[in-house]
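The values are calculated or read from the model by the stated rules, or taken from the named source; none is laboratory data. All values derive from a computational prediction rather than experimental measurement. Because the Cβ atoms are built from the backbone with ideal geometry, glycine has one as well, and the counts that use them run over all protein chains shown. These area figures cover heavy atoms from the full protein model, side chains too; ligands, DNA and RNA do not enter into them. Shrake-Rupley method; radii C 1.70, N 1.55, O 1.52, S 1.80 Å.
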Amino acid sequence: MSLLIERRTVLLGSGAMMLGACSKVHESAPGQRLFDAVDDWHQGLQRSLTARNALAPEFSPEDISPTFRGNGSTDPQNDGYPEHAANNFADWRFTVSGLVQRPLSLSLDQIMRLPQRTQITRHDCVEGWSAIGQWTGPQLSTFLDLAGLRDTAKYIVFRCADDYTRGRYYESIDMIDALHPQTIIAHRLNGEPLPIKNGAPLRARVERQLGYKHAKYLTGIEAVASLDSIGLGKGGYWEDYGGYQWYAGM
Ligand SMILES: Nc1nc2c(c(=O)[nH]1)N[C@H]1C(S)=C(S)[C@@H](COP(=O)(O)O)O[C@H]1N2
Ligand SMILES: [Mo]
């Protein structure tokens, strides 16, 4: 959150400066227009900061969709995934790497012993379908706290086990979403271990963004300063191969 506070301070600082500079021109009509424009700009920026921080709507148990469909990869066949699935993911590891003080390699048991968050949210896919589900898992921020995130980190990259049609799936988010309270590493859907089609054993929930940001089959997260050298450099599988926007906020 320190990021936001810093940005707010900068914002207030420049706003205050402009107020000072405008206090004379303010009286004339063109001055008033300039003042109004600056005020609109200021409010727009303020609103967008607030929006990034706001919670996604949460629903009640009655709203849960009877089936939560699977989309994209629904049954990965590469890199030992089928063997992990047959073994009930007993040897699965989730790594926290990159710009952290203490890289981590965690078992599912360790992840389940961390503080958990449960949320009922609506998933919206750009292909035109939505589903409401209840997700449970630790907040992403818990992992970053445990690992000691370095302040040079600007993005969190989600590493996945599956190759989709063009290559390995991956995604990334900035620190505002990484530290958002509803951004969790989920291991349960509707109170049950994640089904394979929905990303077993771990998947990201990034509730303020569209479906393709919610990476499934997570093998780890990586804290980075830049996305340039990740994949083809656009920050995600669909960003690289499908022309999707990196920021998919709703
Ligand atoms: N690893 C991985 N994550 C992924 C995908 C994928 O193909 N592979 N598809 C994405 C898309 S486009 C959507 S809409 C959701 C689908 O999640 P679901 O299968 O639980 O419905 O996962 C996203 N995360
Ligand atoms: Mo999607």
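Of all residues in region 208-250, which are outside any strand (DSSP E or B), among the polar types (S, T, N, Q) and touching a residue at least 12 places away in the same chain (Cβ under 8 Å)? Selection gives S226 alone. Filtering region 163-209 to residues that are β-branched (V, I, T) and over 14 Å from P76 (Cα atoms) leaves I173, I176, T183, I184, I185, V206. Looking only at residues of region 102-126 that are in contact (Cβ under 8 Å) with a residue 60 or more places away in the chain and charged (D, E, K, R), we find that the one that is least open to solvent (accessible area, probe 1.4 Å) is D124.
Here W135 fulfils each of the conditions (1) surrounded by fewer than 19 Cβ atoms within 10 Å (Cβ to Cβ); (2) in contact with a Lys or Arg (Cβ under 9 Å, 6 or more places away or on another chain) apart from (1). Among the residues of region 89-100, those that are within 16 Å of ligand 1 (Cβ to nearest atom) and in a strand (DSSP E or B) comprise F94, T95. The condition of being in a loop (DSSP other than H, G, I, E, B) and either more than 20 Å from N53 (Cα to Cα) or among the hydrophobic types (A, V, I, L, M, F, W, C) (or both) does not hold for A204.
Inspect all residues belonging to region 228-249 and state whether any of them is more than 17 Å from the chain's Cα centre (by Cα), open to solvent by 10 Å² or more (accessible area, probe 1.4 Å), within 22 Å of P138 (Cβ to Cβ) and more than 9 Å from ligand 1 (Cβ to nearest atom).
Step one: of region 228-249, the residues more than 17 Å from the chain's Cα centre (by Cα) are 228-229, 231-233, 240-243.
Still in the running and open to solvent by 10 Å² or more (accessible area, probe 1.4 Å): 228-229, 231-233, 240-243.
Adding the requirement that they be within 22 Å of P138 (Cβ to Cβ) leaves none.
No, there is no match, as no residue in region 228-249 is more than 17 Å from the chain's Cα centre (by Cα), open to solvent by 10 Å² or more (accessible area, probe 1.4 Å), within 22 Å of P138 (Cβ to Cβ) and more than 9 Å from ligand 1 (Cβ to nearest atom).
Of all the residues in region 101-147, those that are in contact with a helix residue (DSSP H, G or I) (Cβ under 9 Å, 6 or more places away or on another chain) and part of a helix (DSSP H, G or I) number 5. On inspection, R166 fails the criterion of being assigned to a loop (DSSP other than H, G, I, E, B) and away from ligand 2 (no atom under 16 Å from the Cβ).
Just give me the residues in region 206-217 being under 13 Å from the mean Cα position of the chain (by Cα) and either within 14 Å of ligand 2 (Cβ to nearest atom) or open to solvent by less than 30 Å² (accessible area, probe 1.4 Å) (or both), in sequence order.
The first filter runs over region 206-217 and keeps only residues under 13 Å from the mean Cα position of the chain (by Cα), leaving 206-216.
Result: V206, E207, Q209, L210, G211, Y212, K213, H214, A215, K216.
For region 62-88, taking the residues that are among the small types (G, A, S) and assigned to a loop (DSSP other than H, G, I, E, B), the one that is modelled with the lowest pLDDT is identified as G80. Looking only at residues in region 59-87 that are in contact (Cβ under 8 Å) with a residue 60 or more places away in the chain and more than 16 Å from ligand 1 (Cβ to nearest atom), the one that is nearest to K213 (Cα to Cα) is F59. Filtered by the rule that a residue be open to solvent by 40 Å² or more (accessible area, probe 1.4 Å) and under 24 Å from Q182 (Cα atoms), region 75-96 gives R93, T95. Checking region 92-115 against the condition returns no match, with no residue being within 16 Å of ligand 2 (Cβ to nearest atom), under 23 Å from N53 (Cβ atoms) and not acidic (D, E).
(1) within 23 Å of N78 (Cβ to Cβ); (2) open to solvent by 20 Å² or more (accessible area, probe 1.4 Å); (3) of a type in the set (A, V, I, L, M, F, W, C): which one isn't true of L149, the others all being true? Among (1) within 23 Å of N78 (Cβ to Cβ); (2) open to solvent by 20 Å² or more (accessible area, probe 1.4 Å); (3) of a type in the set (A, V, I, L, M, F, W, C), the lone unmet condition for L149 is (1). All conditions but one from (1) within 16 Å of ligand 2 (Cβ to nearest atom); (2) open to solvent by 20 Å² or more (accessible area, probe 1.4 Å); (3) touching a helix residue (DSSP H, G or I) at 6+ places or on another chain (Cβ under 8 Å) apply to L179; the one that does not is (1).
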